[in-house]
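Inspection log for the structure reproduced underneath, given as structure tokens.
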């Protein structure tokens, strides 16, 4: 199944992102509001870059259960500090086909699962529940939505060539986030 291959072939990249100096602080009891803001700015830029190319009519017509995350990230950031989100994302994106879009969707929708743990942890550590909307975008339907989306991806991406493109795109999604993290905060690079 493609969803299993996606997980297996991106697992090391997922782990590397989780262990990135900036993002690993999200699970720390010593997380500061400034560190959290920095992480959200990177996530905002990443989501905006990817969502710009995946929320298209061909994708929306598939019946995936998803919605853009960057508006919730913007809301969280604006609850922390004045933030307009106007600066263009510094990641160049080329046109991608449907299989590649679904690879990106695997990564951005998979991030919602981690948010089930991160959101409450951040809210508790920072003693604020007005800055974690990003993590609770789907509420109790998060896991169900993710499973539904994975079933659709398994059904829609059939040929070996399309599956390879989907996996490479998911890997690129992780690479893009790593690039944004390391570009904005080079002192945190591994």
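Each value in this text was obtained by applying a stated rule to the coordinates, not by laboratory testing. Just so you know, these numbers come straight off a predicted model, no measurement behind them. Heads up, the Cβs are rebuilt from the backbone with ideal geometry, glycines too, and the neighbour counts pull from every protein chain shown.
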Relative contact order for the chain using alpha-carbon pairs under 8 Å, separation at least 6, rounded to a whole percent?
-> 37 percent
Three-way shape call for the range 109-154 based on the alpha-carbon gyration tensor, with the a/c threshold at 1.5 = prolate
Could you tell me whether the range 1-52 comes out rounded, prolate or oblate from its Cα gyration tensor? Rule is a ≥ b ≥ c as square roots of the eigenvalues, rounded for a/c under 1.5, then prolate if a/b exceeds b/c, otherwise oblate.
-> oblate
Proxy exposure order for 164, 140, 28, 3 (fewest C-beta within 10 Å first) is 140, 28, 164, 3
Mind checking the full-extension length gain between residue 28 and residue 121? Use 0.36 nm per residue of separation minus the Cα-Cα distance, one decimal, nm.
-> 32.6 nm
Measure nothing but the geometry: give the 0 to 90° angle between the long axis through the Cα atoms of 98-126 and the longest principal axis through the Cα atoms of the chain, rounded to 10°.
-> 30 degrees
With everything on Cα atoms, drop me the angle between helix 142-156 and the longest principal axis of the chain, reported from 0 to 90° to the nearest 10.
-> 30 degrees
Nearest 10 degrees, 0 to 90: helix 33-54 Cα axis against the chain principal axis | 20 degrees
Separation of the range 62-141 and the range 153-179 by C-alpha centroid, Å?
-> 19 Å
If each Cα of the chain is one equal point scatterer, what is log10 of I(q)/I(0) from the Debye formula at q = 0.07, 0.19 Å⁻¹?
-> -0.19, -1.43
At 222 nm, what helix-only mean residue ellipticity would the chain give, in deg cm²/dmol to the nearest 500, using -39500 (n - 2.57) for each DSSP H run of four or more?
-> -22500 deg cm²/dmol
